[in-house]
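Participant: Dropping the structure in here first, questions after.
The values are calculated or read from the model by the stated rules, or taken from the named source; none is laboratory data. Remember, it's a predicted structure, so these values are computed and weren't measured experimentally. Virtual Cβ from ideal backbone geometry, glycine too; neighbours counted across all protein chains shown.
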Amino acid sequence: MSRRALAACLILGLAASFSAATAPVPAIPHLTAEQIVAKNVKARGGLDAWRKINTMVSIGQLQTGNPSMPSVPFVLQQARPNKTRFEIHLREKTSVRTFNGVEGWKLHQSHGNPEVLPYTAEEIAAARDGPGIDGPLIDYQSKGIGVEFDGIDAVAGKKTYRLKVKLPSGATRRWWIDAATFLDVQYERESRTSTGQAGTVIVSFANFKSVDGLLIPYSIITGQEGGDPTKAGASIGDLAAGLFTMIGVATALYTRDRTGHGQMVDVAMLDCQVALLEN
């Protein structure tokens, strides 16, 4: 091969390499909110299939972060339109939280005796805005939910469409949909801790599996924005129970000073951990 031909080959090769290195990453197509939701519904099994589901039972494990008890079994029962029953089994104790769509109750064991307490106003509001069996996007118009396109983001290495979801209560959620599979990636919601501090909670979905033709996430991770997943570990239980005990003791002392009568302060560590996970 002549020097001129060799030089030409090198120039072509360099040009091809430079072109490949600088080629822009293909942008994901712009879609309307309606188109994104339609593709999400189809990817998850279709609207007609989801409309046939009136009840659902989920059985799994809560990861605690406690080496002595790394996971805690739970059972979540759901029924349309927005009824839930959530049970956590820890050793010989069972904690239950149930919501009938209007009111809610929570049950815990107090010195071996069951005690039932009503939901607070904040707990009722959170339960009413819950995702339900199929989430807010499926059949969103009949639920009175508004959906708007809100942008494009990279989440966990995936290109996603970001949607703004407005619930009937007026609360707003941001929801991310995988631009390749059109499955749910995550959503965020506002929350308050037991001390009243406001924050943003991120709920992520992974490990989707087909169940009777419907794609359902087998892994749901909840955590604070920019932080690690929420874990109900031994230290969290100790801190939460100590905080609630302090409030109870202070209230009992105040009541004694006002009335002259003493009170018994009873705090269950499991209920404290469940309260932190939910709120």
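Participant: Please go through the range 152-189 and give me each residue that is part of a strand (DSSP E or B), of a type in the set (Val, Ile, Thr) and in contact (Cβ under 8 Å) with a residue 12 or more places away in the chain, ordered by number.
Facilitator: Ile152, Val155, Thr160, Val165, Ile177, Val185
Participant: Is it the case, given these coordinates, that Thr193 is modelled with pLDDT under 90 and within 21 Å of Gly146 (Cβ to Cβ)?
Facilitator: no
Participant: Further question: For the range 50-99, give me every one of the strands (runs of 3 or more DSSP E) that falls completely inside it and has 2 or more residues that are free of Cβ contacts under 8 Å to residues at least 12 places away in the same chain and loosely packed, with under 15 Cβ neighbours inside 10 Å.
Facilitator: By residue number, 69-79.
Participant: Evaluate the following for Val102: is it without any contact (Cβ under 8 Å) to a residue 40 or more places away in the chain and surrounded by 14 or more Cβ atoms within 10 Å (Cβ to Cβ)?
Facilitator: So Val102 does not fit the description; no.
Participant: If only one of Phe205, Phe244 is at pLDDT below 95, in contact with a Cys (Cβ under 8 Å, 6 or more places away or on another chain) and either outside any strand (DSSP E or B) or surrounded by 16 or more Cβ atoms within 10 Å (Cβ to Cβ) (or both), which one is it?
Facilitator: Of the residues listed, the single one that is at pLDDT below 95, in contact with a Cys (Cβ under 8 Å, 6 or more places away or on another chain) and either outside any strand (DSSP E or B) or surrounded by 16 or more Cβ atoms within 10 Å (Cβ to Cβ) (or both) is Phe244.
Participant: Among the numbered criteria (1) over 19 Å from Thr222 (Cβ atoms); (2) outside any strand (DSSP E or B), which single criterion is violated by Ala125?
Facilitator: The failed condition is (1).
Participant: Which of (1) in contact with a strand residue (DSSP E or B) (Cβ under 9 Å, 6 or more places away or on another chain); (2) farther than 16 Å from Leu167 by Cβ does Val102 not meet, given it meets every other one?
Facilitator: All conditions are met except number (1).
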